[in-house]
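Everything below concerns the one structure shown next.
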Amino acid sequence: MILLNSLKNFLKCLAYVLIPLGCLFLGLLFGADSAFTILSEQITYIKTEVARIIPETAKDLDELWGYVIASARELSWKSPIGAIQTLLNGQWLTEKISVFLGLTTEEATKLFTELETILTTVIANLNLAVVIFFVWIILSGIAGYFITNLFVRRATVRRGIWKFIVVSLLDSFFSATIIALSTYILSLWSPGVLISATLSMAVFGFVSLLEAYLIHGRGKIPFVRVVNIQNCLLMYLSQIVILILATLLALLLLFATNLLVGLAVGYSVIIIAFLVVNVNAESYIVEQIKKLPEPSPEPPPQKIEE
């Protein structure tokens, strides 16, 4: 029953695969827009500074940049990082400008010193652009997780704010306890990592069911009916099965499509798998409560005849 309920939740929630994917796409758009804006500003900055350094050749600047761009195309772009590092190397840019303008050795040395300062500023700003790009990606991934979580919970089991707070506190307590105990065992005996891993896996199912019982089942269903050894093992098994299915599906998408599409859709599938794993225990207990027989109504009080 637990395994079937978990699989049903996973398959049902796959319908929301486009939500984290859409959030990721928006993050990619905003990140790319920010990065290209900074890149455009730095290109303009380089052109302005070079024109300031060699104002007497201003009439040849368009031809100069055409020559620099043509030289850049001749670089080995099979290794993009290496090509970009070459472009941002003051020595390479100085050499191209010197050859085009026919500068003397003294003029080229002065130009190199100026370009080194300019490119240091450009590199710092380009690094900032990369950071901003990945910050957008990370924020979109986090937003996709929480927005998808709302839909997954609406499709499986809902809980109020106070229940969310209680579960968060219980998760923190149980996670800290398991980590502390595992670390203690590992410190006593180096092969203890195997015992720690086994212990963590065994406790996982129990903790999930216990939290779900305290939130949804306390006073409504007998404790041992839902929190027992069999259910703990089945709960752990169901979580492993779902994660394996999600991983296989992600790999299938990776091989069936290109790398970018496979990683993006695979990421969405894995997100849904983890969200479903988080709600399976609660969903199971709520389903068990629904199956309980309705309490028979109490008979009306009998009138006592005088």
> Restricting attention to segment 57-153, which trypsin sites (Lys or Arg not before Pro) occupy a DSSP loop and are surrounded by at most 12 other Cβ atoms within 10 Å?
Replying inline: Lys78
>> Exceeding 19 Å between C-alpha atoms, which entries from my cross-link table qualify? They are Lys12/Lys291; Lys47/Lys78; Lys8/Lys220; Lys220/Lys290.
In response: Lys12/Lys291; Lys47/Lys78; Lys8/Lys220
> How large is Rg/Rh for segment 1-104, to two decimals, with Cα atoms and a Kirkwood Rh?
Replying inline: 1.36
> Applying the Karplus parametrisation 6.51 cos²θ - 1.76 cosθ + 1.60 with θ = phi - 60° to the phi angles of segment 15-31, what ³J(HN,Hα) value in whole Hz is obtained for each residue in order, glycine and proline being reported as x?
Replying inline: 5, 9, 5, 6, 5, x, 5, x, 4, 5, 5, 4, x, 5, 5, 5, x
> Considering only protein heavy atoms and a 1.4 Å probe, what is the carbon-and-sulfur percentage of the accessible area of segment 1-94?
Replying inline: 66 percent
> Which of the peptides 271-278, 141-148 is most tightly packed, and how do the rest follow, going by the mean number of other Cβ atoms within 10 Å of each residue?
Replying inline: 271-278, 141-148
>> Spelling out what I want: for every residue of segment 39-46, take phi, set θ = phi - 60°, compute 6.51 cos²θ - 1.76 cosθ + 1.60 (Karplus), and round to whole Hz; glycine and proline get x.
In response: 4, 4, 5, 6, 5, 4, 5, 4
> So which GluC sites (Glu not before Pro) in segment 1-102 end up in coil per DSSP with only 16 or fewer other C-beta atoms within 10 Å?
Replying inline: Glu74
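Between Leu4 and Arg218, what length comes free when the chain is fully extended (0.36 nm per residue of separation minus the Cα-Cα distance, one decimal in nm)?
Values: separation 214, 0.36 × 214 = 77.04 nm, distance 2.36 nm.
Contour length minus Cα-Cα distance gives 74.7 nm.
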>> Just the number please: accessible area per residue for segment 1-48, 1.4 Å probe, all protein chains included, in Å².
In response: 57 Å²
> With each pseudo-label sitting 7 Å past Cα toward Cβ, what's the Val99-Glu74 distance in nm, one decimal?
Replying inline: 0.4 nm
> What accessible area, in Å² to the nearest ten, does a 1.4 Å probe give for Thr113?
Replying inline: 90 Å²
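Ranked by accessible surface with a 1.4 Å probe, highest first, in what order do Arg154, Arg225, Arg218 come?
Listed by decreasing accessible area, they come as Arg218, Arg154, Arg225.
The values are calculated or read from the model by the stated rules, or taken from the named source; none is laboratory data. Given the structure is predicted, the values throughout are model-derived calculations rather than measurements. Cβ sites come from the backbone with ideal geometry, for glycine too, and all protein chains shown count toward neighbours. Just so you know, the surface numbers come from the protein's heavy atoms only, side chains and all, with ligands and any DNA or RNA stripped out. Shrake-Rupley method; radii C 1.70, N 1.55, O 1.52, S 1.80 Å.
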